[in-house]
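The numbers here are math on the coordinates, done by the rules we state, and not lab data. Everything numeric here is computed off the predicted structure, so don't read it as measured data. Using ideal geometry, Cβ is built from the backbone for each residue, glycine included, and neighbour counts are taken over all protein chains shown.
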Amino acid sequence: PAAAIAPDANALRATSEGGIMLVGGVQYTLQYIELPKHAELPFSSVQYPMEARFVHRAADGSTAILSVPVTEGAANIALEKMLQNKKMKVDPNDLLPATRDITLMGQTAQGGCNGPIERHYVMTTPVQVSAAQIKKFEQLF
């Protein structure tokens with residue numbers, strides 16, 4: 001699957017043409033990938049310079065968000081494409097680490113107790129991007 005890139009005031013967002021996440025027998029379809037201006041979640045008590053959020057939705061309206069910590073290391077080809085040309089299509093798999101272990105961070109009901117559930121998962125292994133890519137990303141905002 002590929003994604004079209006669009007920045008806004010708080011995040012760089014890529015809409016998706018596909019991608020699924022299966023959780024407990026429920027299929028969630030990838031809606032978009034978001035790289036927020038500031039990493040909001042500490043991962044295992046570590047504050048990373050960036051995070052990638054993969055936002056999925058199920059047929060019943062429930063949402064599953066997969067947050068991936070981003071750490072400084074080797075350059076990431078997908079992020080480089082996003083930074084070079086915001087309209088270029090990017091494969092979401094290129095923003096995921098090779099080791100894909102996840103843990104449930106929490107869940108809430110949207111709009112009250114009877115609303116659709118939002119589940120938040122965290123990937124335990126960060127994906128790497130270069131220091132130069134982190135700097136370019138920060139300059140977008």
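For a quick protection proxy, order the peptides 31-38, 99-106 by their average other-Cβ count within 10 Å, most packed first.
Values: 31-38: 18.2, 99-106: 11.4.
Per-residue mean Cβ counts within 10 Å order the peptides as 31-38, 99-106.
Under 5 Å between amide H atoms, partner at least 5 residues away or on a different chain: which partners does SER62 have, H built in plane at 1.01 Å?
ILE117
Show me, for the stretch 68-74, the HN-Hα J-couplings you get by feeding each phi into the Karplus relation (A = 6.51, B = -1.76, C = 1.60, θ = phi - 60°), rounded to Hz, glycine and proline as x.
Karplus-based 3J(HN,Hα) across the stretch 68-74 equals 10, x, 10, 10, 6, x, 6 Hz.
So what are the ³J(HN,Hα) numbers for the stretch 45-54, from phi and the Karplus equation (6.51, -1.76, 1.60; θ = phi - 60°), rounded to whole Hz, Gly and Pro as x?
Working through the residues one at a time gives 6, 9, 9, 8, x, 8, 9, 10, 10, 9 Hz.
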